[in-house]
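The values are calculated or read from the model by the stated rules, or taken from the named source; none is laboratory data. Given the structure is predicted, the values throughout are model-derived calculations rather than measurements. In this analysis, Cβ positions are derived from the backbone assuming ideal geometry, glycine residues included, and neighbour counts consider all displayed protein chains.
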Amino acid sequence: MPEIKAKQPSRAKRRKRRSFNRPRFCRFCSDKEAMIDYREPRTLRGFLSDEGKILPRRISGTCAKHQRRLTVAIKRARILALLPLGPEHTI
């Protein structure tokens, strides 16, 4: 009777994935002079994606406290039309 060999995993599956996670830091915690203000759309625009969505903490690197304040400021700026509501409103 022929011997049955177990199938070897492919080379891609055997390779371990390396994660290159650089340490994230909150811009507002490290720089005490940086303020979150809904009247400064230039500052807030850096925390929006190309589609006009608010970037999550894991991408933007802000702490939970400042992410909550940032979200409120972005929403207030949207109401006053200082920031776009979506991708079709971008200039």
Filter segment 49-91 for residues that are loosely packed, with under 13 Cβ neighbours inside 10 Å and small (Gly, Ala, Ser); the one that is farthest from residue 22 (Cα to Cα) is 81
Need the failing condition index for residue 4 against (1) exposed (fewer than 10 other Cβ atoms within 10 Å of the Cβ); (2) part of a helix (DSSP H, G or I); (3) among the aliphatic types (A, V, I, L, M); (4) at pLDDT 70 or above, just the number.
(2)
Members of segment 35-48 found to be surrounded by 13 or more Cβ atoms within 10 Å (Cβ to Cβ) and among the aliphatic types (A, V, I, L, M), listed by number
36, 44, 48
Looking only at segment 21-36, which residues are touching a residue at least 12 places away in the same chain (Cβ under 8 Å) and outside any loop (DSSP other than H, G, I, E, B)?
27, 28, 29
Please specify each residue of segment 37-63 satisfying the condition of being more than 16 Å from residue 81 (Cβ to Cβ) and either in contact with a Phe, Trp or Tyr (Cβ under 8 Å, 6 or more places away or on another chain) or not in a loop (DSSP other than H, G, I, E, B) (or both).
43, 54, 55, 57, 58, 59, 60, 61, 62, 63
